[in-house]
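Below you'll find the structure, written out as structure tokens, and then a few comments.
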Amino acid sequence: LADAFERLITALEPAERWIEVGDLRATAAHYLDRLPEDAEPVTLHSNPGPEHAFASPEFGSFTGLIDFGDAYRSHPALDLRPWSLDEGGAELRRGYRAVGPLPPGFDVVWRAGLVVMELARASRGYRTPAELTANLAAIAQARP
């Protein structure tokens, strides 16, 4: 996450329009300083979108996941990284909590992953400074 924050903030810093968002390095430090150091990594699918997930047509229940070519090992909360604060992300978090206690630091890793995704979207032109500011505030306030 530290590398991702550094790369994205370095990409955004030269454009003066991002100044109104605030100190992105302080935002990154806020999350990085709180990351757990002893979490057991798990294998994550890098892009678990609809094209890779299968559900039973009869019951609508999950039946399988394909295309693990970009899989990596990391904290389980980063499995939620591609999911925003929308209802799909909320449903995924409910599913994680339903199977038992979440690993240490899950909440802070989840939030850090969401912030990285917002910075990535901003660096690609998918966020205005006002949108990024609002989304960073929503991430800080979101219930895990």
Accessible area of region 59-134 divided out per residue, in Å², using a probe of 1.4 angstrom: 53 Å²
R0 of 35 Å, Cβ-Cβ distance D3-A142: FRET efficiency to nearest 0.05: 0.90
Nitroxide proxy distance, nm - points 7 Å out along Cα→Cβ at E13 and F54: 4.7 nm
For the chain, built as a Gaussian network whose Cα springs stay under 10 Å, the top-fluctuating residue of A15, A28, A71: A15
Projected label distance in nm at E131 and T43, using a 7 Å step from Cα toward the beta-carbon: 3.6 nm
Probe 1.4 Å, all protein chains present, accessible-area order of I66, I19, I139, largest first: I19, I66, I139
Carbon and sulfur %, accessible surface of the chain computed with the full protein complex present, 1.4 Å: 55 percent
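The values are calculated or read from the model by the stated rules, or taken from the named source; none is laboratory data. The shown structure was predicted, so the numbers you read here are calculated from the model rather than taken from an experiment. Note that each Cβ is placed from the backbone with ideal geometry, even for glycine, and that neighbours are counted across all protein chains shown. All accessible areas refer to the heavy atoms of the entire protein, side chains included, with ligands and DNA or RNA removed. Shrake-Rupley method; radii C 1.70, N 1.55, O 1.52, S 1.80 Å.
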